[in-house]
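Take a look at the structure set out below.
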Amino acid sequence: MLQVNDIFVAYGGTPALHGVSFEVPAGQIVSIVGSNGAGKSTILRAISGMLKPTRGVIEFLGEPIQRFPAFRIVQRGIAHVPEGRRLFSKLSVFENLLVGAYTKKSPTFRQKTLEQIFSIFPRLKERQSQRAGTLSGGEQQMLAIGRALMSEPKLLMLDEPSLGIMPVLVDRLFDVIKEINQSGITVLLVEQNVQRSLEIAHRAYVLQTGEIVLRGTGQELLASEQVRGAYLGL
Amino acid sequence: MLDGTIIAQTLLSGVLIGFIYALVAVGLTLIYGVMDIVNFAHGEFLMLSMYVVFWLYALAGLDPMVSLPISVAVMFVVGVVTHKLVVRPVLRAPMSAQIFVTFGLMVFMRNGAQFLWSPNYRLIQTPLVAGRLELFGLFVGKPQLVAALGALITTGLVFWFLKRTETGRTLQAVAEDQDAAALMGINPDRTFMLAWGIGAACVGVAGALLANYYYIFPTVGNTFVLMAFVAVALGGFGSVPGALLAGVIIGVVEVLTGLFISPAFKNITAYVLYMVVVLVRPRGLLGEW
């Protein structure tokens, strides 16, 4: 579904990614793990069009998208839940969800999708008229995911969804990610919670200083000495 | 002797002019709120719209109330073109370029108007809306009343548009976080164009309403836009209700100063008020940040 071929990205002259290649097959959960500053967020930002790679090709459903502006990539079916959630804090929960459906104008579609999102996240329904800025960290993350789902993505990209969430909610969050995947949405997940994200991943990559150093199924990487030593402290 | 009637009369005229300040301020605050750029040429937009109305009157015999929609349409286009030709090229340039580009536009438009139309004061001699009427023992000029009501209604419409329509929501989203808005599929550049169009259209309304009774000359924008700047800061950058409240406060402070101290001090008290607010409550009366 998504094919990333040898991309290079630099921030103001400093290289952040050098020659990263990987693929996300339709229907799977793919995790990219790695320490802080390895370039995980940069990969997602390059895919969603917030950064332009200096070299390389990003193909989505057979179409090269690396030159598209961000707003066109959403129309193609990729939703990006950015690091730090980036909600519209002055708008209500309900309004945030409507902005998420910007590319889908049909009222019946919106109604149907809203109901689905409210059934996954009942808290959002209770708080729909509240300002997004007043939600707790966990609720904000639910809203950020809900907002992304409103665009009916084929591929959902999540950047550090477990960051800033109460530990008791982290399990629930990973269950939700699995649920979303089972409903037919492909998931690309970037996480510092290596254990949990490898557990749910069909396929996973380890990123180190802008390069992919290990690849395999989630189970394979969980069992690998390298991952256990460097990331799981075992 | 000051009696109640004089004070009430003065307050009324302060509120009426305050609505105009508010409408000019709404245009400014909208552009600022959505893209963090101060339109220093906003007063010149007002001037231009007054000349549009004047020339439609002088050359085609159209009354300002008839040419109001034309003025709005022309100014919307002026706003969009300003974004495309003047502002967009410097969006990635250093901050100073962003500040000076609209300042340069202001100088250009002001001098262009002097060159094309001379510095002479012009007046629409026989507008349809003229004369005055008595309200509860107070006298009020009909053009002033119409202008104030028109400004109030327009401000209300802009507020409703921002809060209750899909496009308004889009503007609010881009105002808060343009990258996040782009991730929702919103084209930020189109939204910027729209903010400029609507911001300029607001002064298109104000200019047509003012042309009914105010002198028209190349620097006419100054009088209004300086007060509008104070209203934007006093009300809170980006806040439409704030601009309305602050516009009225400034109008009232201005006329009360004229009455109790001296008309020459009108601006001074408005600025003193502004500085006090900046020191005590820098985000403005209804500001959000």
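Does B:Met275 satisfy the criteria of being over 26 Å from B:Ser71 (Cα atoms) and part of a helix (DSSP H, G or I)? Yes; evaluated as a whole, the condition is true for this residue. Of all residues in the stretch A:40-57, at least one satisfies being away from chain B (no Cβ under 14 Å), crowded, with 19+ Cβ neighbours inside 10 Å and touching a helix residue (DSSP H, G or I) at 6+ places or on another chain (Cβ under 7 Å).
Residue-level analysis places B:Ala173 among those that are within 10 Å of chain A (Cβ to nearest Cβ) and either touching a Lys or Arg at 6+ places or on another chain (Cβ under 9 Å) or crowded, with 24+ Cβ neighbours inside 10 Å (or both). Among the residues of the stretch B:100-132, which ones are of a type outside the set (Val, Ile, Thr) and over 30 Å from B:Arg88 (Cα atoms)? Passing the criteria: B:Ser118, B:Pro119, B:Asn120, B:Tyr121, B:Arg122, B:Leu123, B:Gln125, B:Pro127, B:Leu128, B:Ala130, B:Gly131, B:Arg132. Looking for something more than 16 Å from B:Thr170 (Cα to Cα), touching a strand residue (DSSP E or B) at 6+ places or on another chain (Cβ under 6 Å), more than 11 Å from chain B (Cβ to nearest Cβ) and crowded, with 18+ Cβ neighbours inside 10 Å - is there at least one such residue anywhere in the stretch A:64-76? Within the stretch A:64-76, one or more residues are more than 16 Å from B:Thr170 (Cα to Cα), touching a strand residue (DSSP E or B) at 6+ places or on another chain (Cβ under 6 Å), more than 11 Å from chain B (Cβ to nearest Cβ) and crowded, with 18+ Cβ neighbours inside 10 Å. Checking each residue in the stretch B:73-98 for being within 14 Å of B:Met109 (Cβ to Cβ) and not β-branched (Val, Ile, Thr) picks out B:Met75, B:Gly79, B:Leu85. Applying the criterion of being crowded, with 23+ Cβ neighbours inside 10 Å and facing another protein chain (nearest Cβ under 8 Å) to the residues of the stretch A:77-86, the residue that is nearest to the chain's Cα centre (by Cα) is A:His80.
Since every read-out is calculated from the coordinates, none of them should be taken as a lab result. No experiment lies behind these values; they were computed from the predicted model shown. Note: ideal-geometry Cβ built from the backbone for every residue, glycine included; neighbour counts use all protein chains shown.
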